[in-house]
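Worksheet: one structure, shown below.
The values are calculated or read from the model by the stated rules, or taken from the named source; none is laboratory data. Every value quoted in this text rests on a predicted model; they were computed, and no experiment measured them. Methodologically, a virtual Cβ is constructed for each residue, glycine included, from the backbone with ideal geometry; neighbour enumeration extends over all protein chains shown.
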Amino acid sequence: MGFFSVYHPLPLLSRCAEFLDYRETLITHVAFEVDDLEEAQRHLKNSNIPIVCGPRPRFDGKEQLYFCDPDGYAIELFAQKK
């Protein structure tokens, strides 16, 4: 069996359950800045997408929230506090 004949996935992101367990110590997700976090939160709620954490203050003075994509990966949205 050659080196390239076996597929080995390289996970770069954690699933939501892993994210919730290890969010303080690992890089576990991708983050996107939005103009209005409240509007993003309303859109998620209207789309029946559960927020798994937040909104809450972030270390840099911004606010953040987290949700899971359809494959179960954690996504952060953040915005400047109003």
*Considering only segment 66-82, state which residues are assigned to a strand (DSSP E or B) and either among the basic types (Lys, Arg) or touching a residue at least 24 places away in the same chain (Cβ under 8 Å) (or both).*
Tyr66, Cys68, Tyr73, Ala74, Ile75, Glu76, Leu77, Phe78, Ala79
*Give the residues of segment 46-82 that are among the polar types (S, T, N, Q) and either under 13 Å from the mean Cα position of the chain (by Cα) or within 18 Å of Glu33 (Cβ to Cβ) (or both), sorted by residue number.*
Gln64, Gln80
*Select from segment 21-68 the residues that are in contact with a Phe, Trp or Tyr (Cβ under 9 Å, 6 or more places away or on another chain) and polar (S, T, N, Q) and write down the one among them that is modelled with the lowest pLDDT.*
Thr28
